[in-house]
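The values are calculated or read from the model by the stated rules, or taken from the named source; none is laboratory data. Keep in mind the model is a prediction, meaning the values are calculated, not measured. Positions of Cβ are backbone-derived with ideal geometry, glycine not excepted, and every protein chain shown enters the neighbour counts. Just the protein is used for accessible areas: all its heavy atoms, side chains included, with ligands, DNA and RNA removed. Shrake-Rupley method; radii C 1.70, N 1.55, O 1.52, S 1.80 Å.
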Amino acid sequence: MIKLENITKVFPSKNGNVTAVNNVNLHVKKGEIHGVIGYSGAGKSTLIRLVNLLEKPNSGTVTINGTELTALSNENLRKMRQKIGMIFQHFNLMKTATVYENVATPLRLLGLNKTEVKERVEKYLKIVDLGDREDSYPSQLSGGQKQRVAIARALSQEPEILLSDEATSALDPETTNSILDLLLKINKELGITILLITHEMSVIQKICDDVSVLENGEIVEQRSSIELFTDP
Ligand code: ADP
Ligand code: ADP
């Protein structure tokens with residue numbers, strides 16, 4: 001489903017170049033929840049942004065469902081990106097817009113008509129259990145509720161893949177669990193493949209099928225999470 005091959009990303013910096021991601025090979029299977037775990041600075045955030053080419057690799061290829069993203073024109077890349085939703089640690093909601101408008105706005109930009117937009121917004125707010133909060137503003141919501149809005153916004157574009165960039169890192173343990181349960185439900189019931197990055201082993205243990213361990217920009221281990229937790 002997602003294939004990164006020999007991906008390297010170098011950032012120029014004052015003190016010489018930083019190799020954030022170093023010759024990474026990653027294979028995420030269709031229908032799985034794949035976790036990438038690593039310490040701060042390991043390159044996780046860069047890696048996940050390379051999947052939808054928010055960062056352009058210096059070398060290597062990204063292939064989604066057999067289509068090589070790194071070979072596409074900007075217009076075709078934009079189309080492929082619709083298959084890839086993304087959620088973030090700090091939710092990235094529009095503060096001056098209601099919950100409804102946060103979900104509806106990207107759908108209008110996709111060209112959906114008024115009825116289609118309304119149907120999608122209502123459907124996905126219901127799935128995240130926020131059907132009754134359409135008119136609230138983000139400031140009136142808890143952290144967990146804000147992340148649910150962000151999840152509804154991502155799902156409403158009906159992606160095949162969801163990328164999660166530390167989606168639970170700003171949340172308390174109880175809220176984290178409820179968001180992880182929601183991600184599990186999305187994976188099982190909607191069949192969406194999930195690639196997530198985290199620095200927390202508990203996140204991997206709770207929902208991931210496979211796990212890759214990232215250290216200094218390199219994948220040092222890749223296995224099923226059951227193996228990771230049963231082998232010494
Ligand atoms: P993580 O998400 O695991 O904390 P990052 O991908 O954010 O790791 O960062 C990996 C390395 O790349 C770090 O050394 C970081 O300072 C560097 N880095 C990340 N983004 C940039 C950037 N835009 N410019 C320069 N260096 C960056
Ligand atoms: P209709 O008249 O098409 O049945 P509504 O009167 O419910 O639909 O909404 C009209 C338009 O207002 C919708 O197409 C939508 O763009 C927007 N809208 C609906 N509900 C909300 C809401 N809670 N917050 C912001 N905008 C909304």
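To the nearest 0.05, what FRET efficiency results for GLU122 and ALA71 with a Förster distance of 41 Å applied to their C-beta separation?
0.60
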Whole-Hz Karplus couplings 3J(HN,Hα) for region 121-137, θ = phi - 60° and coefficients 6.51, -1.76, 1.60, Gly and Pro as x, run 4, 5, 4, 7, 5, 5, 4, 8, 6, 10, x, 9, 10, 3, 9, 6, 9
Simple spin-label estimate for SER40/GLN205, 7 Å along Cα→Cβ, in nm, reads 2.2 nm
Scalar couplings 3J(HN,Hα) for region 29-44 by Karplus 6.51 cos²θ - 1.76 cosθ + 1.60 (θ = phi - 60°), nearest whole Hz, x for Gly and Pro, are 7, 4, x, 9, 10, 10, x, 10, 10, x, 6, 4, x, 5, x, 4
Rounded to two decimals, the Rg over Rh value of region 114-227 from Cα coordinates and the Kirkwood Rh reads 1.01
Rounded to the nearest 500, the 222 nm mean residue ellipticity computed for the chain from DSSP H runs (n ≥ 4, each -39500 (n - 2.57)) alone is -11000 deg cm²/dmol
On the accessible surface of the chain, probed at 1.4 Å with all protein chains in place, carbon and sulfur together account for a percent value of 46 percent
Rounded to the nearest Å, the spacing of the alpha-carbon centers of region 41-95 and region 143-195 is 17 Å
So LEU110 and ASN6, fully extended at 0.36 nm per residue minus their Cα-Cα distance, gain in nm 34.2 nm
For ASP210, ASP181, the accessible-area ranking with a 1.4 Å probe, largest leading, is ASP181, ASP210
Counting Lys and Arg as +1 and Asp and Glu as -1 over every other residue whose Cβ sits under 15 Å from the Cβ of PRO138, the net charge comes to +2
Here the alpha-carbon Rg of region 187-232 over 2.2 N^0.38 Å rounds to 1.22
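Starting from 0.36 nm per residue, how many nanometres of slack lie between HIS90 and ASP181 once their C-alpha separation is accounted for?
Stretched out fully, the HIS90 to ASP181 stretch lengthens by 30.9 nm.
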The size of the Cβ-based charge dipole (Lys, Arg +1; Asp, Glu -1) of region 75-232 about the Cα centre, to the nearest 20 debye, is 860 debye
Computed Rg/Rh for region 7-92 (Cα atoms; Rh = Kirkwood radius) stands at 0.96
Cα-only Rg/Rh for the chain with Kirkwood Rh rounds to 0.97
Simple spin-label estimate for SER59/SER142, 7 Å along Cα→Cβ, in nm, reads 4.9 nm
In degrees rounded to 10, the 0-90 angle between helix 173-190 Cα long axis and the longest Cα principal axis of the chain is 90 degrees
For region 57-72, in residue order, the Karplus 3J(HN,Hα) values (coefficients 6.51, -1.76, 1.60; θ = phi - 60°; whole Hz; Gly and Pro = x) are x, 6, 8, x, 10, 10, 10, 10, 6, x, 9, 7, 5, 5, 9, 8
Counting only protein heavy atoms and rolling a 1.4 Å probe, one gets per residue an accessible area for the chain in Å² of 49 Å²
Counting Lys and Arg as +1 and Asp and Glu as -1 over every other residue whose Cβ sits under 14 Å from the Cβ of ILE179, the net charge comes to -3
Which of LYS30/LYS83; LYS79/LYS123; LYS56/LYS185; LYS30/LYS206; LYS123/LYS146 exceed 21 Å between C-alpha atoms? The answer is LYS79/LYS123; LYS56/LYS185
Computed curve, region 20-152, Cα-only Debye sum without solvent term, log₁₀ I(q)/I(0) at 0.19, 0.20, 0.21 Å⁻¹, is -1.18, -1.22, -1.25
Taking the reciprocal of mean 1/r across every pair of different Cα atoms in region 19-60, the Kirkwood radius in Å is 11.4 Å
